[in-house]
1. Does ARG102 qualify as being over 20 Å from GLN37 (Cα atoms) and among the basic types (Lys, Arg)?
2. Which residues, taken from the stretch 140-162, are closer than 14 Å to SER116 by Cβ and surrounded by fewer than 15 Cβ atoms within 10 Å (Cβ to Cβ)?
3. Identify, please: which residue in the stretch 100-115 is aliphatic (A, V, I, L, M) and in contact with a Leu (Cβ under 9 Å, 6 or more places away or on another chain) and is, among those, surrounded by the fewest Cβ atoms within 10 Å (Cβ to Cβ)?
4. Of the conditions (1) aromatic (Phe, Trp, Tyr); (2) at pLDDT 80 or above; (3) surrounded by fewer than 20 Cβ atoms within 10 Å (Cβ to Cβ), TYR287 satisfies every one except a single condition; which number is it?
5. So which residues in the stretch 36-66 are at pLDDT below 80 and not charged (D, E, K, R), if there are any at all?
6. At pLDDT below 85, in contact with a helix residue (DSSP H, G or I) (Cβ under 8 Å, 6 or more places away or on another chain) and not polar (S, T, N, Q): does that describe ALA100?
7. When you scan the stretch 104-112, do you find a residue that is at pLDDT below 85, among the polar types (S, T, N, Q) and in the same structural domain as ALA69 (by the TED database), even just one?
8. Quick one: would you say SER116 is under 34 Å from the mean Cα position of the chain (by Cα), hydroxyl-bearing (Ser, Thr, Tyr) and in a helix (DSSP H, G or I)?
Amino acid sequence: MAKKKAATSLSVTTADNITIAGGAIAYPEKKAENSAQQEVMARFGDGLPYERERIVHEARFYMAQSAEAMLEAGKRLIILKENEPHGEFTEIVTEKLGMAHRTANSIMKAALKYTSPLLQKNSLTLASLGKAKLFELMTEDDEDLAELAEGGTIAGLTLDEVDRMSVRELRATLRKDEAALKRSQQLVAEKEKQLQQLSQQLTDKTFPSAASDKQAPLDTQQWVTLTLEGVGDRLKSERLRLGLSQESFAERCGVKKLTQYNYEKSERHPDAGYLIAAKALGVDLLYVMTGERSDEASALDVVRDEEEAEVLTAFRHIPGETREVAKRTLTAMAEKKTARRRA
C-alpha cells in the first residue's frame, strides 16, 4: 500500500498585507499612531478618530466660511498632513480641496498661530478682523496680539483702528513699525559700542593722573560714593528751581513718580535716557553730576545730548575714577572744543 503524501503548508501574502496560511487568514495589525499624530489629534481632532473623508469634507466646508472658519479649516489641514503621506496630502490639497499648496501652508500656520495657548481665548476676537488681516498680523508676537485683543495696541493701533483700516494700510503700518524697531535696535547697539569705547578711552587717560597723584585705587563702592555723592539732593534742587512737582517732572522725563523719588533720595542713580530728558527741561547736568554750575563754555556743550549724558553716567562704571578727575576730563574736552572753534 502506497504511503500517503504529507500535506504541504501554503502561505500567501496579498498586496494588502493579508496573510493566508494553512487555511487561516491573518489580517495585519493596525499601526499605532506616532506621538506627533496623537498630539495633533488631541489638539485639533475634537476627540474624534482620524477619518480622511470626514476631515476633507469638514475642511472644504470651513474654507467657504469666515476667518474663524478658516482657522478650523487650518486645523483639519494639519490633521491631514500629519496622517497622510506627503504625496497624498499634496494631492488632497490640490485635487480635492482645490487650493495651492502655498495657500494651505499659510492657513495651517494661521491655525497654529491663533490657537496657541496664549491666543486661544482671544482667537474669536482676532478672527473678527477677517482672513486677510489675520495673515498680515501673523508675524507679530503672541504677547502683542493678546494685548491688542484685550484692549491694548500694536504698532500704535487699537483693535478698532485695525478693523477700520484697509489691509493695505495695515500692511504699510506694520512694515513702518518694523523698520522703526530695527533702526532703534541699531541705534541702541551703536550707542552701547560708543559708550564702551568712550569708557575705555577715559580709563586710559585718567589712570595716569590718578597714579601721578599717588592715589590708592578705589573699589567700586567707594568710587560710586565719591562720584555720585549728593546727586539726589542736587537733582531735587534743580527740579524745584524749575518749579515742577515731583510727579510732573517724573512724567516729563519718562519715569514713574516712585523712580523720581528714589533718584532724589540717592537710592538709585539716573540713566542716560533720563538725563537727556532732564536737560531738555532745563536741568544743569554738570551741576547735578559734579556740584559745579556750568557756563556757556562748560563741558555740557562739548558733545551732543545723547553722548553727553553717556559721558556723565559712564564715570560710575570706571573703577578708580573720582569727581576731581571727572571734572578735569570734562574741562579738557571743553578746551579742545573751544580751540576747534577758534581754528
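The values are calculated or read from the model by the stated rules, or taken from the named source; none is laboratory data. This structure is a prediction, so every number in the text was calculated from the model and none was measured. Glycine also receives a Cβ, built like all others from the backbone with ideal geometry; neighbour counts cover every protein chain displayed.
1. Here the answer is yes, as ARG102 does meet what is asked.
2. The initial filter retains those residues of the stretch 140-162 that are closer than 14 Å to SER116 by Cβ, namely 140-146, 149.
Matches in the stretch 140-162: ASP141, ASP142, GLU143, ASP144.
3. Here is the first cut: in the stretch 100-115, the ones aliphatic (A, V, I, L, M) are 100, 104, 107-108, 110-112.
Retained after the next criterion (residues that are in contact with a Leu (Cβ under 9 Å, 6 or more places away or on another chain)): 104, 107-108, 110-111.
Details: ALA104: 24, ILE107: 27, MET108: 19, ALA110: 21, ALA111: 22.
The extreme case among them is MET108.
4. Among (1) aromatic (Phe, Trp, Tyr); (2) at pLDDT 80 or above; (3) surrounded by fewer than 20 Cβ atoms within 10 Å (Cβ to Cβ), the lone unmet condition for TYR287 is (2).
5. Hits for the stretch 36-66 are ALA59, PHE61, TYR62, MET63, ALA64, GLN65, SER66.
6. Working: at pLDDT below 85: no; in contact with a helix residue (DSSP H, G or I) (Cβ under 8 Å, 6 or more places away or on another chain): yes; not polar (S, T, N, Q): yes.
No; evaluated as a whole, the condition is false for this residue.
7. For the stretch 104-112, residues at pLDDT below 85, among the polar types (S, T, N, Q) and in the same structural domain as ALA69 (by the TED database): absent.
8. No: the conditions fail for SER116.
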